[in-house]
Amino acid sequence: MTSSSDRSTAVSVDGTKTYEIRTYGCQMNVHDSERLSGLLEEAGYVKAPKGSDGDADVVVFNTCAVRENADNKLYGNLGRLAPMKTTRPGMQIAVGGCLAQKDRDTIVAKAPWVDVVFGTHNIGKLPVLLERARVQEEAQIEIAESLEAFPSTLPTRRESAYAAWVSISVGCNNTCTFCIVPALRGKEEDRRPGDILAEIEALVAEGVSEITLLGQNVNAYGSDLGDREAFSKLLRACGQIEGLERVRFTSPHPRDFTDDVIAAMAETPNVMPQLHMPLQSGSDSILRAMRRSYRQERFLGIIEKVRAAIPHAAISTDIIVGFPGETEEDFQQTMHTVREARFANAFTFQYSKRPGTPAADMEDQIPKEVVQERYMRLVALQEEISWEENKKQVGRTLEVMVAEGEGRKDGATDRLSGRAPDNRLVHFTKPGEDVRPGDVVTVEITYAAPHHLLAEGSVTAVRRTRAGDAWEKRTTQAASKPAGVLLGLPKIGAPEPLPAMDAPACGSH
């Protein structure tokens, strides 16, 4: 995630302590890391320069437990920091997140140079635990078994000035056999709608124009409040917030995806024509073994209803290949579902054991070579479909919100990049006038690749926005100060567009 740099860059000229956070896993972890940054900056730390590669006074690992080898990855990274810690007096290492919640005492036993271990329920304790470890000169392990305070009450250093995560719930009430998240994040707890809307309004007042509603099972929102239509009501309420241009959400569960949500999506102009709907498998028998409470027919029925109400919707998904007991016939049912659903893109994963989950102890574990071969067939099929679906965008005129850091080759190609309303990535010719992240351009799509679109002609319109103003203000402030800048109210969270993940999102249910 980082590259090496000169040690002299790690501490600012006034001696202020620096921090670095390394984040693994899902969107929830990304958002939690924004809160950890806010907590540390409130405590007086500043963010280490990019490329510090562990050369900071505090290095925090925000871990994920979804992959089978997550612990090996963590201990390998901790091992690389051990010699650095011995030569840097006062350096501290903290481990949090899902793996910390699961392994707790094991981490310090295997890596005794770690100073703090904290869990998913008590991230607000990090500064206190770091200070306690420093004073007592011994490792501090504190794992809360239940949520101490809703995370959105914590200070947050947002990574984006124009787009924001907004948590509407934490935890999950499902019992999917492949997923350890409910054991680590706890049962679902919903925020009050007024608190959510107040956070969104405050973000918009600071210049944010796009928000993503975030939850482990986002459309189950309301189960803790006793209102089955709470999520659709929340979407419609977002449509009443002046200045909020784009609303997205992730990730829903097919079981809880009801007609009132589809209607709210179709009838609320700022709710974007995009849906991430995790499939996991197209086989009814495998879905039953996964304890997924829907079947193929129900899933495809949802897709059909969404397309009827929102014709240009881009639908993405998650699929696991090689779940225990999966036969070739089961796999063909997944391939059939993919052909029928015609996803814009899919996060496809080879099943790997998650220690602590029922699936890890199931019989009929599939040989790795079989899983790999099926995975390659699925990827090839989805690649073909993604390209065909993207080709349908050629000739369309789209409003693209300019993004920061989305186009890795933008400098070499003299292009800029951004996201269409349906969240497709668009690379476009740089216009003659100044365009900032958060601004909106109008372009015509001229070419389609499987994973992006090109607009090679001239930009037909540029709309400078308050979101672009916010990005410009933030950039100016960052250039004038060595410290990071807490943007917006100190109790507000936010993201950049969805990151690519190397494991199923813990919200992908």
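The values are calculated or read from the model by the stated rules, or taken from the named source; none is laboratory data. Please read these numbers as outputs of a predicted model, since none were measured by experiment. In this analysis, Cβ positions are derived from the backbone assuming ideal geometry, glycine residues included, and neighbour counts consider all displayed protein chains. Ligands, DNA and RNA are stripped out before the accessible areas are found, and what is left, the full protein with its side chains, is counted by its heavy atoms. Shrake-Rupley method; radii C 1.70, N 1.55, O 1.52, S 1.80 Å.
When you scan segment 239-322 for helices (runs of 4 or more DSSP H) that lie fully inside it, which ones turn up with 2 or more residues that are of a type in the set (D, E, K, R) and under 21 Å from residue 178 (Cβ atoms)? First the steps, then the outcome.
Working: elements: 259-267, 284-289, 296-309.
It comes to 284-289.
Just give me the residues in segment 412-448 being aromatic (Phe, Trp, Tyr) and within 23 Å of the chain's Cα centre (by Cα), in sequence order. Outline the logic, then answer.
To start, the set of residues in segment 412-448 that are aromatic (Phe, Trp, Tyr) comprises 428, 447.
Residues satisfying the conditions do not exist here.
Which residue pairs have Cβ atoms under 6 Å apart, sit 6 or more places apart or on different chains, and have a first residue in segment 69-90 that is touching a residue at least 12 places away in the same chain (Cβ under 8 Å) and a second that is open to solvent by 40 Å² or more (accessible area, probe 1.4 Å) and not in a helix (DSSP H, G or I)?
Once the first residue is touching a residue at least 12 places away in the same chain (Cβ under 8 Å) and sits in segment 69-90, its partners that are open to solvent by 40 Å² or more (accessible area, probe 1.4 Å) and not in a helix (DSSP H, G or I) give 82/113; 85/113.
Under 6 Å by Cβ, and 6 or more places apart or on different chains, what pairs join a residue from segment 311-323 that is at pLDDT 95 or above with one that is of a type in the set (Ser, Thr, Tyr)?
318/508; 319/348; 320/351; 321/375; 322/351; 323/351
Return the pair list, or none, for Cβ contacts closer than 8 Å from residues in segment 122-136 that are closer than 17 Å to residue 88 by Cα and in contact (Cβ under 8 Å) with a residue 12 or more places away in the chain to residues that are surrounded by fewer than 19 Cβ atoms within 10 Å (Cβ to Cβ) and of a type outside the set (A, V, I, L, M, F, W, C), at least 6 apart or on different chains.
Final answer for the pair search is 134/90.
Check segment 60-80 and report whether any residue there is acidic (Asp, Glu) and either closer than 20 Å to residue 127 by Cβ or modelled with pLDDT of 85 or more (or both). Even if it seems obvious, please write down each step before you answer.
The initial filter retains those residues of segment 60-80 that are acidic (Asp, Glu), namely 68, 71.
Within this subset, residues satisfying the condition of being either closer than 20 Å to residue 127 by Cβ or modelled with pLDDT of 85 or more (or both) are none.
Scanning segment 60-80 turns up no residue that is acidic (Asp, Glu) and either closer than 20 Å to residue 127 by Cβ or modelled with pLDDT of 85 or more (or both).
Applying the selection to segment 84-98, what residues are at pLDDT 85 or above and farther than 14 Å from residue 57 by Cα?
Filtering segment 84-98 for residues at pLDDT 85 or above gives 84-97.
Within segment 84-98, 95, 96, 97 meet the criteria.
Yes or no, residue by residue, for (1) in contact with a strand residue (DSSP E or B) (Cβ under 6 Å, 6 or more places away or on another chain); (2) open to solvent by 10 Å² or more (accessible area, probe 1.4 Å):
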residue: 167; (1), (2): yes, no
residue: 183; (1), (2): no, yes
residue: 186; (1), (2): no, yes
residue: 197; (1), (2): no, yes
residue: 212; (1), (2): yes, yes
residue: 215; (1), (2): yes, no
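Out of the residues in segment 38-59 that are at pLDDT below 85 and in contact with a strand residue (DSSP E or B) (Cβ under 9 Å, 6 or more places away or on another chain), which is farthest from residue 117 (Cα to Cα)? First the steps, then the outcome.
Restricting attention to segment 38-59, the residues satisfying the condition of being at pLDDT below 85 are 49-55.
Imposing the further condition that a residue be in contact with a strand residue (DSSP E or B) (Cβ under 9 Å, 6 or more places away or on another chain) reduces the set to 49, 52-55.
On the way: 49: 24, 52: 22, 53: 20, 54: 17, 55: 20 Å.
Among those that are at pLDDT below 85 and in contact with a strand residue (DSSP E or B) (Cβ under 9 Å, 6 or more places away or on another chain), it is 49.
Of all residues being at pLDDT 90 or above and out of contact with any Pro (no Cβ under 6 Å at 6 or more places or on another chain) in segment 176-188, which is nearest to residue 232 (Cα to Cα)? Just the residue, please.
First, the residues of segment 176-188 that are at pLDDT 90 or above: 176-178.
If we keep only those that are out of contact with any Pro (no Cβ under 6 Å at 6 or more places or on another chain) as well, we get 176, 178.
Numbers: 176: 25, 178: 28 Å.
Checked segment 176-188; the qualifying residue nearest to residue 232 (Cα to Cα) is 176.
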